[in-house]
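Worksheet for the structure shown next.
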Amino acid sequence: MIGYIIRRVLYAIPILIGVNLLTFALFFFVNSPDDMARLHLGVKRVTPEAIVKWKEDRGYNKPLLYNAANAGADKLTDTIFFRHSVKLFAFDFGRSDQGRDIGYDIYQRMWPSLAIALPVFLVGILVHITFSMLLAFFRGTYLDTAGVVLCVIMMSISALFYVILGQYLVSMLLRLVPISGYDVGMEAVKFLILPVIVGVVGGVGASTRLYRTFFLEEIGKDYVRTARAKGLSELRVLFRHVLKNAMIPILTGVVVVIPLLFTGSLILESFFAVPGLGSYTIDAIHSQDFAIVRAMVFLGSVLYIAGLILTDITYTLVDPRVRLE
Amino acid sequence: MPFQLVFLLTDVLIYVLLAALIAFGLYTAHHEHLRVPWRQVARRPMAMASLVILLVYVAVGLMDSVHYRPLLEGQNRGEAVYSNEVLSLLDKATKPLRARAEKTYSAPFAMQAYSMETAEYPDGRHVREYPRLLHGGAHVQEAGERVGDIMLRVGAATLAGFGIWLLIVASFLLFWRRHAESWMLTIRRLVRGEGDFPRRTVLVTVGVLIVLTANAAYLSLYYHIFGTDQVGQDVFHKSLKSVRTGLVIGTLTTLVMLPFAALFGIMAGYFRGWVDDVIQYVYTTLSSIPGVLLIAAAILSLQVYVANHAELFDSATARADIRLLILCLILGVTSWTSLCRLLRGETLKLREVDYIQAARALGASHVAVMARHILPNVMHIILITVVLDFSGLVLAEAVLSYVGVGVDPTMDSWGNMIVSARLEMAREPLVWWSLASAFVFMFGLVLAANLFSDAVRDAFDPRLRK
């Protein structure tokens, strides 16, 4: 098991190198640093001196891959590639194009992100499993059909509508909670209720429908018939036998997103003005801050790969039939 | 010529897609084993009703995909001069809607503007009032007559639509009537829903759509039926123009990713060894970058490129079009990995099957085995993925536009309408019609696509086939 995990972590390294090279190519080969400077300083009226200064301030004035002007190892290290891409491996994100320390910002902002993403994740799983079990219990009845139709309708609605309508109904009409904002400590709760509800409701359609098929698949199996044959009630069969087995695909499916909870939700955070990593990313995109986007791409990939490894470990934990070699 | 045809890049790809669809349809029609699952789809009333709705969207989208530049009148000095403005057939059909712009917001069916203005009367008085709209309800004299006028026009349009529908039903009956069968019997067979195919459902759906279209077409000549936006443009017209954007993103994305996914997925599963390793490495790397961030990175790079190479794009339409195409490409890059993985797994299983082994033993080349034996046997996976992905891509457009990496902000799209609606919802009084209009149009397309793709999946997935 330990050996397997170590091998998986080692296997992640070439993938991260690939991600790194790809983003580097995307940001520095498609456009030169001069182009970036011109965009930031305004395309039309820009002096060559201003471009040189802009690049110097951000360390973009070095050669891309190979610095012939230096001696020894500096030939490779005193380059844009080493300073802006290789250092990401040490989680040294450097400074944003506005001059802020990205690593510090990320550390500050991941807690508000987590404060929204974690409740959405946990409450979401609970709600989705409850609903899908309910539908599975009433399978073949009108309630089941109506539930599935409702699921399809709900998944046909854009996530943005849920947010806009939620804000309008709950905050503007009923005035139950503030429209948006964030606070530290227990004060944050009143700001978090609405985004969490919206996040959970937005995901109900797709997840409930998917989980329902997991339950139905298990219900059709032989051991369920055996359980019924020995006289167990339908509820008992559902909770003691079916639930446990249906949890395997559900758990292994959701584990992959756990590390990504740190990066938060783009839409929820920006609509509700939560100072998390999601709104950080959106702000960076809007202000065209390439350094932050690059850092977030790398961070997102690291967390996603961590999620994949976690998924494989969960497989062995919840399903004894799976052996990792 | 009174016009000059313009072929935008996405237009050309749409034509290619259309040709491919027609070829696929003809091929299917000539092969019995391929027709069977489609017949199963055709038996589901819900799927066929959805198909009718989808076809209406496709018709609007196709009309909006034939672009031209009109001839400028009055300034030809011997040679033809064409306008810089690129128009489409849809623009031509909805010219009255485009031409009748107001000053700013106005509610659906309103005849007065949304905000008060100070009007100066000839006798020198200054009065704060809601000014009359330039076009919306301009034919109505008194405010009290408005509701009656709307009712009258709804009635007329509904009657006309119903009449057209009856003609369609009659011509269908003419075609469906058995030899020497009484008309009453044919009608009764239809009403009872006899036969394998849901003819009744389809005809009712067609009827509802015709009545709705007749109402929309007639009423929008006199009112702004979905109101107007901040700069006074008709929201109904904007929603119609957005149809093409949604369809392009939903279809072209899969079109550009399909060849890669199919080729790489089948090669990885078939050759195994180092080919498999390389392909797996590529798709794991691509899929480990969170999709939105990869799209953001690519679109940001594109923005810089376009800003620095403005001379390459001769019109704003072309600039918006290239961005739409790049968006499709990037969305394709982020979404081909899952299909590639599925195809690899299926090919791994297939290559051990007897008929593949036999083909190899008889001396068929690798290319022939992959193209003639493996590809047809994974076609159902490709088809299911394509139809299931469609609705997700249409929804993704809205989110991406909100994040700021979607289609060009000047392009009509439901995403852009929703983004602007965010500020409108904070106004007092509320401006809800842009949001409502985008919602109705988007919901109609996505729901129909979801229902149709469910039927396709049920018919093609061998695990679900009974």
Counting other beta carbons within 10 Å of each residue's own, what order do B:301, A:180 fall into, fewest first? A:180, B:301
Report the FRET efficiency, 1/(1 + (r/R0)^6), for residue A:251 and residue A:89, where r is their Cβ-Cβ distance and R0 is 35 Å, rounded to 0.05. 0.70
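For chain B, what's the relative contact order in percent, using C-alpha pairs closer than 8 Å and at least 6 residues apart? Don't skip to the end; give the middle numbers.
Details: 587 pairs, mean separation 94.4, N = 466.
Over chain B, the number comes to 20 percent.
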Take peptide B:297-309, look around each residue's Cβ out to 10 angstrom, count Cβ atoms belonging to other protein chains, and average those counts. 6
Charge tally in the Cβ shell below 12 Å around residue B:226, where Lys, Arg are +1 and Asp, Glu are -1, residue B:226 excluded: -1
What helices in chain A pass both tests, a Cα length along the helix axis of 18 Å or more and a mean Kyte hydropathy of 0.5 or higher, using whole DSSP H runs? A:2-24, A:102-137, A:142-155, A:189-219, A:290-318
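Report, in deg cm²/dmol and to the nearest 500, the calculated mean residue ellipticity at 222 nm for chain B, where each DSSP H run with n ≥ 4 adds -39500 (n - 2.57) and the sum is divided by the residue count.
Values: 16 runs with 306 residues, N = 466.
Helices in chain B give a 222 nm mean residue ellipticity of -22500 deg cm²/dmol.
If I take every Cα pair under 8 Å that is 6 or more residues apart in the range B:239-460, average their sequence separation and divide by the length, what percent do I get for the relative contact order? Before the final figure, lay out each step's value.
Numbers: 218 pairs, mean separation 66.5, N = 222.
Relative CO of the range B:239-460 lands at 30 percent.
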Contour excess over end-to-end distance, with Cα ends at residue B:185 and residue B:153 and 0.36 nm allotted per residue: 7.9 nm
Before rounding to the nearest 500, sum -39500 (n - 2.57) across all DSSP H runs of length at least 4 in chain A and divide by the residue total; then give [θ] at 222 nm in deg cm²/dmol. -20500 deg cm²/dmol
Between A:177, A:256, A:30, find the one with the highest GNM mean-square fluctuation for chain A; connect C-alpha pairs within less than 10 Å. A:30
Loop-only check: which trypsin sites (Lys or Arg not before Pro) in the range B:77-175 are DSSP coil with at most 14 other Cβ within 10 angstrom? B:77, B:125
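How long are the semi-axes of the ellipsoid equivalent to chain B, from square roots of 5 times the Cα gyration tensor eigenvalues, in whole Å, largest first? Please list the in-between numbers first.
On the way: eigenvalues 412, 207, 83 Å².
Values for chain B, descending: 45, 32, 20 Å.
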Run the Debye formula on the Cα coordinates of the range B:239-460, all scatterers equal and no solvent, and tell me log10 I(q)/I(0) at q = 0.12, 0.13, 0.17, 0.18 1/Å. -0.75, -0.84, -1.17, -1.25
Placing each pseudo-label 7 Å from Cα in the direction of the beta carbon, residue A:134 and residue B:272 end up separated by a distance in nanometres of 4.9
If each of residue B:171 and residue B:366 carries a label point 7 Å out from its Cα toward its Cβ, how far apart are those two points in nm? 5.4
Go through B:443-453, A:137-147 and give me the packing order, highest mean Cβ count within 10 Å leading. B:443-453, A:137-147
Of B:191, B:57, B:23, which is farthest on the positive side of the dipole of chain B, counting Cα position, with +1 on Lys and Arg Cβ, -1 on Asp and Glu Cβ, and the Cα centre as origin? B:191
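So what's the projected area for the protein assembly as shown, the Cα convex hull averaged over all directions, in nm²? Numbers along the way, then the final one.
On the way: hull surface 194.3 nm².
Directional mean of the projected Cα hull area for the protein assembly as shown stands at 48.6 nm².
Taking the beta-carbon count within 10 Å as an exposure proxy, list A:151, B:340 from fewest neighbours to most.
Details: A:151 22, B:340 27.
By the 10 Å Cβ count, ascending, the order reads A:151, B:340.
How about the range A:159-212: which trypsin sites (Lys or Arg not before Pro) there lie in a loop by DSSP and see at most 10 other Cβ atoms within 10 Å?
A:175
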With r defined as the distance between the Cβ atoms of residue B:425 and residue B:310 and R0 fixed at 25 Å, what FRET efficiency is calculated, to the nearest 0.05? 0.10
Pull up the cross-link candidates among the aspartates and glutamates for residue A:190, meaning alpha carbon to alpha carbon under 12 Å and not fewer than 8 places away within one chain. none
If you count, for every residue in B:278-291, the Cβ atoms of partner chains within 10 Å of its Cβ, what is the mean? 5
Once the piece of chain linking residue B:26 and residue B:194 is laid out straight, how much longer is it, given 0.36 nm per residue of separation minus the C-alpha distance between them? 57.7 nm
With a Förster distance of 56 angstrom and the Cβ-Cβ distance between residue A:107 and residue B:93, calculated FRET efficiency to the nearest 0.05 equals 0.50
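Need the full-extension length gain, residue A:184 to residue A:34, defined as separation in residues times 0.36 nm minus the C-alpha distance. One decimal, nm. Mind showing how you got there, number by number?
Working: separation 150, 0.36 × 150 = 54.00 nm, distance 4.12 nm.
Here the segment from residue A:184 to residue A:34 would lengthen by 49.9 nm.
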Shielding by partners for A:6-14, please: the mean number of other protein chain Cβ atoms within 10 Å of each residue's Cβ. 1
Spin-label zone in the range A:275-300 - amide nitrogen under 18 Å from a point set 7 Å from the Cα of residue A:98 along the C-beta vector: A:275-297
Return B:414, B:176 ranked ascending by Cβ neighbour count within 10 Å, so the fewest neighbours appear first. B:176, B:414
Rounded to the nearest 10 degrees, what's the angle between the helix B:235-271 long axis and the longest principal axis of chain B, both from Cα atoms, 0 to 90? 10
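Net charge near residue B:381, counting Lys/Arg +1 and Asp/Glu -1 over other residues with Cβ under 10 Å of its Cβ? List each step's numbers first, then the result.
On the way: positive: none; negative: B:346, B:461.
Result for the local shell: -2.
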Contact order relative to length for the range B:353-466, counting C-alpha pairs under 8 Å separated by 6 or more residues, stands in percent at 25
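Quick note: the coordinates plus some simple rules give every number you see, no bench work behind them. Computed from a predicted model, the values in this text were never measured in an experiment. All Cβ positions, even for glycine, are placed from backbone atoms using ideal geometry, and neighbour counts span all protein chains on display.
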